[in-house]
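The values are calculated or read from the model by the stated rules, or taken from the named source; none is laboratory data. Predicted model, so just to flag it, every value in this text is computed and none were measured. Cβ placement follows ideal geometry from the backbone for every residue including glycine, while neighbour counts extend to all protein chains displayed.
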Amino acid sequence: MTETSKPAAGKGAVARFLESDIYASFRSSPLAMAAAVIVLAMFVGAVLATLIAPYDPFDPAKVFLSDASLPPRWQDGGDPRFFLGTDDQGRDMFSAILYGLQVSLMVGGLGVALAALIGITLGLVAGYVGGRTDALIMRVADVQLTFPAILIALLIDGVVHSVFKGISRETSAIPVLVVSIGLSFWVQYARTVRSSTFVEKGKDYVSAARLVGLPAPVIMWRHVLPNVLGPVLIILTINLGLAVITEATLSFLGVGLPPTEPSLGTLIAIGNQYLFSGEWWIVAFPGATLAILVLSVNLLGDWLRDALNPKLR
Amino acid sequence: MTETPSFPEPVISVRNLVVEFATRRGPLRAIDGVSFTIGKGEVLGVVGESGAGKSVTGSAIIGLIDAPGRIAGGEVLLHGKRIDNLPAEEMRRLRGRKIGMIFQDPLTSLDPLFRVGDQLIETIRTHSDLSASAARERAIALLAEVGIPAPERRIDGYPHEFSGGMRQRVVIALALACEPDFVIADEPTTALDVSVQAQIIALLKRLCATRGTAVMLVTHDMGVIAEAADRVAVMYAGRIAEIGPVRDVVKHPLHPYAAGLMGAIPTLSSEADRLTQIPGAMPRLTNVPPGCAFNPRCARAFDRCCIERPEPALPSAALAAREHVASGHRVACHLYTAREDAR
Amino acid sequence: MLAFIIRRMMQSAGVLLAVTLIAFVMFRFVGDPVNQMVGIDTPQAEVAKIRESLGLNDPVIVQYGRFVWKALHFEFGISYQFRQPVTKLLAERMPATLELAFTAAGFALVVGILMGVYSALRRDSVVAKVFEAVSLVGVSLPTFLIGILLIYLFAVILGWLPSNGRGQVVRIGSWWTTGFLTSSGLRSLILPAITLGLFQMTLIMRLVRAEMLEVLRTDYIKFARARGLTARAINFGHALKNTLIPVITIAGLQLGSIIAFAIITETVFNWPGMGILFLQAVQNVDIPIMAAYLVMIGLIFVVINLVVDLLYGLVDPRLRMTMRR
């Protein structure tokens, strides 16, 4: 901000972002822009689901079995009231997808946030403290890394449900899923942050901060962390896609969200039962929504990785 | 003063070479009108800061400029025949057989998964009809020649079993395996221990002298230049600032940049103070100033330097006499042509 | 070399011990084994007797030792759901899962490497762009969705391939069953194997591509080009060999996760393997099966890891050297 000759000087963070290389590379990548628009639209749709959705698919008073299994509007027998048709219980697919999106994104987002929190903290501690602490954390990470996230999530789910037997799936599903995802995905953050911390730790500014007598946690959060955020951001984006997939998979397998509070995965699981009877729309629309969401998030992640790491091109 | 060795047949000639790299913000000129020749058995040292275009020049000659880079102008001649426009397959046949190249880091120049001997034999057999056993004998002879002890045993070793200096000897053996007429040595000693550097330079010089190989020795080490080169070219921002017999350029640099590089002052100047460093930094290639590329950093720049680009030329006769300038010593600086204008 | 193997085996044993510890904690503390075995009306004395006979009153460390000892003999107790020995249940279903996993892994490896090498060498070609698009879709589509898609396309619409089960199987030896020997068995295998392998295939393709591009940028490839070697010798001699070494590691580990990922594919295709068994165990809190599955997956991972490491050493001369030391 001290360079007055630069046009960006004195402007806010937004203006500086608009003039940055990252934004330039964003503007020159139509795929990334399209992905960003889709992700944004889905986020808005999910957040405002209760306002946008034409029906409340979970209000028994407004769902009629007589409307069950109607095909999408443009097909023979379609009902103009239900744009994407209805499911086996007469629920409006479009509304159900919006609600499902909300649940999926919430679980995925919270899970990734938890994973990042655990991973960053452990990574900072391991990298900064070193020695035995580091060895212990990284050993645990190694062991865990040999097991796929979905398996860990399944185990955690199983254990939680056997420990808290009294709790119904309705109330416990979301916290259990978030914890499962959080505990399955932390390793990558920890490893990345740890190795960056090792590098940053050796630099002069950290030594200087130490000399001044700043406590270790302050140095870590205020000085080391900002320097390792680039890679973390990339992992965060890519992991959001993975987390949504994991949630959907668990729900599809029947250990995630129950049909009374369906996520996209649950909707797909329900629809899958009607695949052979020709009611393809019950599975196709939630499936397509999930696929497009994850694809867009991954496209953004890929682009972000390239933009932040021009060397990799 | 006229001790300039005569190298009658130029092995390699570079004329007005221009190399550009396509970038998001338009083409970037890494090499901008470079010309020189190297004769049989001659060693041309090329010095300059990193980014001055030394290595790119080498890559351009051997035809290994990768996209987004390309030769955008000028020509390269080997024994008088143009090679810069050859089809890829013909150029490949020249590489290794007629033109060899030695890279900077011997630790990374050799494929770690292949035995040293296999890499040598592979190279020899690519360019000749030798049988496997004959090629192996040739490989052993080469290793012996570059000073690898017990070559018949070491030939079956992997690169990681060799020390850095030994690996660079292997690299030299590989580059000279097919007796090329011209060798580009791109900072061949930078990555080595100081104690080993002199040995490698001496080895390179001896091998090339006995074979009459022309050498382009890229380096930023003036000591290496003084020791090994016959002539030296000083590069700055993709252009040649000064080129001439090594003793001349080192003792009597004319171009202010060359003078700065030699850590001496141009004797021409009356306000002669020691010039220990050159202020500023080389411009980014996206941002080379008009006129002389060195003008923003030059203490002796004047109006013309900022407008007109100086071409490498012989200094005016009067100057040449006063400055004891040897023949063949060219400099791209208006200081040495301005007087003629004034006349 | 021997010292290296021994050291690696010690590490593997350590990992396995950690895994069995988790399995033991689950087994012993999460689901009380006795509660599952007795009814509500079982008298207190009876419960105590069972407790004693199971050794649940011994010190925990002794119990853990016994658990490990039994695990070494593949004894994991009785399934709560099926009232049958867990080992027997797993053994019955193991052939189905392993045949599926190996077919999927073979498919992923062969196709993934071919596609990766191609798109690294011709990275501006249309085909490479198509591969890249396919790979992006491949990592973005959840496995179960791919399965559903394939079923809808090839089983429901086209009616070419079966959509569930293993088809006809042939018994080999005392317990192994194989679907490789009948045409219905082979046809049944196609869709699940593609579904299971697709994700790993895209991973391997991306890995090979990235690794190969990295290798093509190295000094030794530049030097090989400067020596005038043919493109063929450079790409398929030097570059490919250097590319495949790190790929071995990842691909090996992928095989392990394929077995675990089979849970999803087996569910979609109703494939009678261990994955479905484990999923049912999770849904019904059948702890002995969960514990056994965990230990088994851990064992598979560790063995694969070990084999990969040794293989790595055999291929890479640099490591052969360190291993000798």
### Message
For a quick check of your reading of the model, give me the residue pairs whose first member lies in the range C:67-85 and is crowded, with 17+ Cβ neighbours inside 10 Å, whose second is of a type in the set (Gly, Ala, Ser) and outside any helix (DSSP H, G or I), with beta-carbon atoms closer than 9 Å and at least 6 apart or on different chains.
### Response
C:80/C:31; C:85/C:77; C:85/C:79
### Message
From the list C:127, C:137, C:117, exactly one residue is within 12 Å of another protein chain (Cβ to nearest Cβ) and either in a helix (DSSP H, G or I) or over 25 Å from residue A:283 (Cα atoms) (or both). Which is it?
### Response
C:137
### Query
When you go through B:154, B:97, B:167 one by one, which is the residue that is touching a residue at least 24 places away in the same chain (Cβ under 8 Å), over 26 Å from residue B:238 (Cα atoms) and within 8 Å of chain C (Cβ to nearest Cβ)?
B:97
### Task
Please specify each residue of the range A:210-256 satisfying the condition of being assigned to a helix (DSSP H, G or I), of a type in the set (Gly, Ala, Ser) and out of contact with any Ser or Thr (no Cβ under 8 Å at 6 or more places or on another chain).
A:216, A:230, A:243
### Query
Among A:41, A:46, A:36, which is the only one that is modelled with pLDDT of 75 or more, of a type outside the set (D, E, K, R) and farther than 30 Å from residue A:89 by Cβ?
A:36
#### Entry: the range B:68-93, residues that are within 11 Å of chain C (Cβ to nearest Cβ) and closer than 28 Å to residue C:243 by Cβ
B:88, B:89, B:91, B:92, B:93
### Task
Just give me the residues in the range C:219-244 being away from every other protein chain (no Cβ under 11 Å) and free of Cβ contacts under 8 Å to residues at least 40 places away in the same chain, in sequence order.
C:236
### Task
Name every residue in the range B:105-120 that is more than 11 Å from residue C:317 (Cα to Cα) and more than 7 Å from chain C (Cβ to nearest Cβ), in order of residue number.
B:106, B:107, B:116, B:117, B:118, B:119, B:120
### Query
Are any residues in the range A:179-231 of a type outside the set (Ser, Thr, Tyr) and over 17 Å from residue A:120 (Cα atoms), and if so, which ones?
A:202, A:203, A:204, A:206, A:208, A:209, A:210, A:211, A:212, A:213, A:214, A:215
### Filtered residues of the range A:131-151 (kept if touching a Phe, Trp or Tyr at 6+ places or on another chain (Cβ under 9 Å) and free of Cβ contacts under 8 Å to residues at least 40 places away in the same chain)
A:146, A:147, A:148, A:151
### Message
Against the definition (part of a helix (DSSP H, G or I) and within 14 Å of chain B (Cβ to nearest Cβ)), how does residue C:207 come out, yes or no?
### Response
no
### Query
In the range C:270-289, is there at least one residue being within 9 Å of another protein chain (Cβ to nearest Cβ) and under 13 Å from the mean Cα position of the chain (by Cα)?
no
### Query
Does residue B:130 satisfy the criteria of being away from chain C (no Cβ under 11 Å) and crowded, with 20+ Cβ neighbours inside 10 Å?
no
### Query
Does the range C:245-254 include one or more residues that are crowded, with 22+ Cβ neighbours inside 10 Å, closer than 21 Å to residue C:87 by Cα and more than 14 Å from chain B (Cβ to nearest Cβ)?
no
## Note on the structure
A careful count of residues in the range C:64-86 that are in a loop (DSSP other than H, G, I, E, B), out of contact with any helix residue (DSSP H, G or I) (no Cβ under 6 Å at 6 or more places or on another chain) and under 17 Å from residue C:296 (Cα atoms) gives 2
#### Entry: Selection from the range A:108-146 of residues that are within 14 Å of chain C (Cβ to nearest Cβ) and buried (at least 22 other Cβ atoms within 10 Å of the Cβ)
A:108
#### Entry: Residues of the range B:42-98 satisfying the condition of being of a type in the set (Lys, Arg) and out of contact with any strand residue (DSSP E or B) (no Cβ under 9 Å at 6 or more places or on another chain)
B:81, B:92, B:93, B:97
### Query
residue A:289 versus (1) at the interface with chain C (Cβ under 10 Å from one of its Cβ atoms); (2) in contact (Cβ under 8 Å) with a residue 24 or more places away in the chain; (3) crowded, with 20+ Cβ neighbours inside 10 Å: which is the lone unmet condition?
(1)
### Query
within 14 Å of chain B (Cβ to nearest Cβ) and closer than 25 Å to residue C:193 by Cβ: does that describe residue C:216?
no
### Query
Which residue out of C:98, C:161, C:181 is in a helix (DSSP H, G or I) and either touching a residue at least 40 places away in the same chain (Cβ under 8 Å) or not charged (D, E, K, R) (or both)?
C:98
### Query
Could you say whether any residue in the range A:255-265 is in contact with a Leu (Cβ under 8 Å, 6 or more places away or on another chain) and surrounded by fewer than 20 Cβ atoms within 10 Å (Cβ to Cβ)?
no
### Query
When you scan the range C:268-293, how many residues do you find that are crowded, with 23+ Cβ neighbours inside 10 Å and in a helix (DSSP H, G or I)?
15
### Task
Check whether at least one residue in the range A:255-271 is of a type outside the set (Val, Ile, Thr), within 9 Å of another protein chain (Cβ to nearest Cβ) and farther than 22 Å from residue A:56 by Cα, and report yes or no.
no
### Number of the exception - residue C:228 against (1) at pLDDT below 90; (2) assigned to a helix (DSSP H, G or I)
(2)
### Message
Looking at B:102, B:65, B:61, B:124 in this structure, which one is of a type in the set (A, V, I, L, M), in contact with a Lys or Arg (Cβ under 6 Å, 6 or more places away or on another chain) and within 13 Å of chain C (Cβ to nearest Cβ)?
### Response
B:124
### Message
So, restricting to helices (runs of 4 or more DSSP H) that lie completely within the range B:13-131, which ones have at least 2 residues that are among the acidic types (Asp, Glu)?
### Response
B:88-94, B:116-127
### Query
Which residue pairs have Cβ atoms under 7 Å apart, sit 6 or more places apart or on different chains, and have a first residue in the range C:254-278 that is free of Cβ contacts under 8 Å to residues at least 60 places away in the same chain and a second that is polar (S, T, N, Q)?
C:256/A:146
### Query
For the range A:6-24, does any single residue satisfy the condition of being among the β-branched types (Val, Ile, Thr) and either touching a strand residue (DSSP E or B) at 6+ places or on another chain (Cβ under 7 Å) or modelled with pLDDT under 70 (or both)?
yes
### Task
Run down B:183, B:218 and say which single residue is in contact with a Cys (Cβ under 8 Å, 6 or more places away or on another chain), buried (at least 17 other Cβ atoms within 10 Å of the Cβ), of a type in the set (A, V, I, L, M) and within 14 Å of chain C (Cβ to nearest Cβ).
B:183
### Task
Could you please give the count of residues in the range B:225-257 that are among the basic types (Lys, Arg) and crowded, with 24+ Cβ neighbours inside 10 Å?
2
